[in-house]
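Notes to accompany the following structure.
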Amino acid sequence: MKVKVISVPVMDQEKALQFYTQKLGFIKKIDVPLSEHSRWLTVVSKEEQDGPQILLEPAPQHFEPAKVYQKALFEAGIPYTQFNVDNAAQEYERLVNLGVEFSITPTEMGTVKIAVFNDTCGNNIQLVEML
Amino acid sequence: MTFYLSEVTRIRSTCYGNQAQLETVMVTRRYINHNFDKKLNLKLLSHIHFTSKFHLLRLFKRYYGQTPQQYLTDKRIEKAKELLSKGTPVNETCFEIGFESPCSFSTLFKSRTGISPAGFQKRATFAMPV
């Protein structure tokens with residue numbers, strides 16, 4: 001059994017695709033229409049294009065409990081998931097210059113440095129640098 | 001303050017309050033990152049920050065969830081994948097990452113990735129990066 005796909009719930013798939021590709025730098029991998037309003041849409045890291053795919057999952061649009069759960073996590077400041085970076089401070093500067101909003105600026109936490117931003121699609125996302 | 005930020009603050013003070021211990025393990029990890037191609041063992045690593053090897057082993061496992069040897073192996077496999085993807089021959093990759101035996105390297109690589117180094121290289125060659 002292999003881990004090939006992880007889901008991130010998003011309020012708007014097209015908006016999420018723009019954010020995850022143009023701001024975060026991911027690359028679109030799979031884009032297959034499923035219905036009038038949804039697609040099987042995944043992105044991958046540019047540095048690891050054969051690595052795990054992120055499924056931009058539109059559950060909050062169609063399934064109320066998913067929307068409730070996503071909103072609760074967001075309001076508590078809890079990141080939905082995290083991505084590893086080589087340098088959290090540099091990545092923070094790059095993203096701030098692109099207009100991304102952070103709720104937690106680069107902060108050391110023991111053996112890691114973390115930062116948390118708003119993906120504009122209903123989630124907080126954490127960046128993590130190993131120290 | 002959000003719930004998450006209060007948790008980060010709490011965890012930072014309860015789990016990561018000992019800066020000296022953190023410094024010991026972080027220095028060790030950085031040393032492994034820069035010297036993974038050399039012959040490393042717990043005794044050598046413990047000398048870097050003047051600690052006993054048992055103490056280092058305990059601390060490293062506590063803060064990183066892995067022993068230094070496990071971390072070193074992860075690092076070597078990660079580097080091996082990079083080299084193989086660039087077209088470096090399997091034998092050369094083996095020696096560049098600090099292995100002495102191509103046979104043991106291949107066995108370990110396959111057990112960790114599910115594919116032989118040659119198979120990995122072939123697959124990487126045919127993948128089309130954007």
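Conditions (1) at pLDDT below 95; (2) touching a helix residue (DSSP H, G or I) at 6+ places or on another chain (Cβ under 7 Å); (3) at positive phi; (4) not aliphatic (A, V, I, L, M), marked per residue:
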| site | (1), (2), (3), (4) |
| --- | --- |
| B:Y31 | no, yes, no, yes |
| B:H34 | no, no, no, yes |
| B:I48 | yes, yes, no, no |
| B:L57 | no, yes, no, no |
| B:F60 | no, yes, no, yes |
| B:Y63 | no, yes, no, yes |
| B:P68 | no, yes, no, yes |
| B:A80 | no, yes, no, no |
| B:S85 | yes, yes, no, yes |
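List the number of the failed condition for A:Q22; all other conditions in (1) at pLDDT below 95; (2) over 17 Å from A:G122 (Cα atoms); (3) in a helix (DSSP H, G or I) hold.
All conditions are met except number (1).
Quick one: B:L84 ticks every box in (1) within 30 Å of A:N123 (Cα to Cα); (2) buried (at least 17 other Cβ atoms within 10 Å of the Cβ); (3) of a type outside the set (F, W, Y) bar one, so which box is it?
Exception for B:L84: condition (1).
Limited to region A:94-124, what total is found for residues that are in contact with a Leu (Cβ under 9 Å, 6 or more places away or on another chain), among the β-branched types (V, I, T) and away from chain B (no Cβ under 12 Å)?
Number satisfying all stated conditions: 1.
Any residue that is within 14 Å of chain B (Cβ to nearest Cβ), assigned to a strand (DSSP E or B) and without any contact (Cβ under 8 Å) to a residue 24 or more places away in the chain - is there at least one of those in region A:46-67?
Yes, the conditions are met somewhere in region A:46-67.
Hey, does region B:58-77 have a residue that's touching a Pro at 6+ places or on another chain (Cβ under 8 Å), more than 14 Å from every other protein chain (Cβ to nearest Cβ) and of a type outside the set (A, V, I, L, M)?
So far as region B:58-77 goes, no, none of its residues is touching a Pro at 6+ places or on another chain (Cβ under 8 Å), more than 14 Å from every other protein chain (Cβ to nearest Cβ) and of a type outside the set (A, V, I, L, M).
When the residues of region B:69-122 are narrowed to those that are small (G, A, S) and part of a loop (DSSP other than H, G, I, E, B), which ends up nearest to B:K39 (Cα to Cα)?
B:G98
Among the listed residues B:S111, B:S101, B:S85, which satisfies the condition of being more than 14 Å from chain A (Cβ to nearest Cβ), out of contact with any Asp or Glu (no Cβ under 6 Å at 6 or more places or on another chain) and under 22 Å from A:G51 (Cβ atoms)?
B:S111
Taking region B:1-25 as the search range and keeping residues that are among the aliphatic types (A, V, I, L, M) and within 30 Å of A:L73 (Cβ to Cβ), which one is surrounded by the most Cβ atoms within 10 Å (Cβ to Cβ)?
B:V8
Is it the case that some residue within region B:12-29 is closer than 27 Å to B:S104 by Cα, within 19 Å of the chain's Cα centre (by Cα) and more than 9 Å from chain A (Cβ to nearest Cβ)?
Yes, that holds for at least one residue.
Could you please let me know if B:F3 is more than 10 Å from chain A (Cβ to nearest Cβ) and not charged (D, E, K, R)?
No.
The values are calculated or read from the model by the stated rules, or taken from the named source; none is laboratory data. Here the structure is a predicted model, which means the values were calculated and not measured. Quick reminder, even Gly has a Cβ in these numbers, built from the backbone with ideal geometry, and neighbours come from all protein chains shown.
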